[in-house]
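Just so it is clear, none of the values below were taken in a lab; they were calculated from the coordinates. A quick note: this is a predicted structure, and the numbers were derived from the prediction, not measured. Counting neighbours? That spans all protein chains shown, and the Cβs are built from the backbone with ideal geometry, glycine included.
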Amino acid sequence: MTETEGKFFANAAELVIVIDPDTVNEREETIGVAKGCEVTIEFEHVELYGMGSIERQGVSKHTAKVPVTISAAKFDPELVDGFASAYGVVLDPLDEIVGSPSIDDTTFVPRMNLVGTFTSDDGDFVLELEVEDIYFESLPFAFTENEYVVFELSGVGEKVTITDVTPS
């Protein structure tokens with residue numbers, strides 16, 4: 001068996017939401033207890049077929065998007081720190097989040113960045129995955145009997161950058 005550079009365990013990642021990126025209100029919020037995060041990089045593809053052959057002659061891609069799902073528990077009930085602040089920003093994007101956010105009557109769509117840092121089990125290799133310009137489509141609240149309350153955000157990002165940030 002070939003020796004690998006390091007293994008990554010899904011339970012060892014730090015997730016940070018960057019709220020209002022590139023504005024004077026930009027701030028980073030670390031998710032309290034992340035229960036899961038999934039990032040998928042998708043493209044639409046167009047295949048070219050021509051008369052005289054059943055084989056594909058070419059393929060091209062367009063319309064890149066990055067679906068993102070984040071689940072978390074153990075949140076701040078004041079909606080001012082950590083994962084739960086994202087709910088407040090999505091509901092009320094133009095006001096400072098204080099007290100109880102509610103739906104703001106605006107067509108403005110707040111966008112966030114998500115940064116996940118993954119460290120190999122031997123600590124020798126660190127990857128950073130950043131999804132930029134995410135908008136969240138819905139804010140579900142599920143209260144399931146005999147289970148912890150878990151909040152889940154689903155949205156779509158514009159760009160992904162994967163960087164080797166291994167310390168020297």
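Miscellaneous remarks
- Exposure proxy ranking, count of Cβ atoms within 10 Å, fewest first, for E147, E152: E147, E152
- Summary of packing: across the peptides 43-50, 118-125, 155-162, the per-residue average of other C-beta atoms within 10 Å ranks them, highest first, as 155-162, 118-125, 43-50.
- Between the amide H of I134 and those of M112, N113, E158, distances stay under 5 Å, these residues lying 5 or more places away or on another chain, with hydrogens modeled in the peptide plane.
- In order along the stretch 130-137, phi translates into HN-Hα couplings of 10, 10, 9, 6, 8, 10, 9, 7 Hz, rounded to whole numbers, per the Karplus curve 6.51 cos²θ - 1.76 cosθ + 1.60 with θ = phi - 60° and x for Gly and Pro.
- Between Y49 and E145, the contour length at 0.36 nm per residue exceeds the alpha carbon distance by 29.2 nm.
- In Hz, Karplus ³J(HN,Hα) per residue of the stretch 157-165 (6.51, -1.76, 1.60; θ = phi - 60°; x = Gly, Pro): x, 9, 9, 10, 10, 10, 10, 7, 10
- Within the shell of other residues whose beta carbon sits under 10 angstrom from the beta carbon of I19, the net charge comes to -2, with Lys and Arg scored +1 and Asp and Glu -1.
- Environment charge at T69 (Cβ cut-off 14 Å; Lys +1, Arg +1, Asp -1, Glu -1): -2
- Listed from fewest to most Cβ neighbours within 10 Å, the set K65, K7 follows the order K7, K65.
- Derived scalar couplings between HN and Hα for the stretch 48-55 equal 10, 10, x, 5, x, 8, 8, 8 Hz in order, rounded to whole Hz, by the Karplus curve 6.51 cos²θ - 1.76 cosθ + 1.60 (θ = phi - 60°), x for Gly and Pro.
- With neighbours defined as other Cβ atoms within 10 Å of a residue's Cβ, the residues V18, V59, V126 order from fewest to most as V59, V126, V18.
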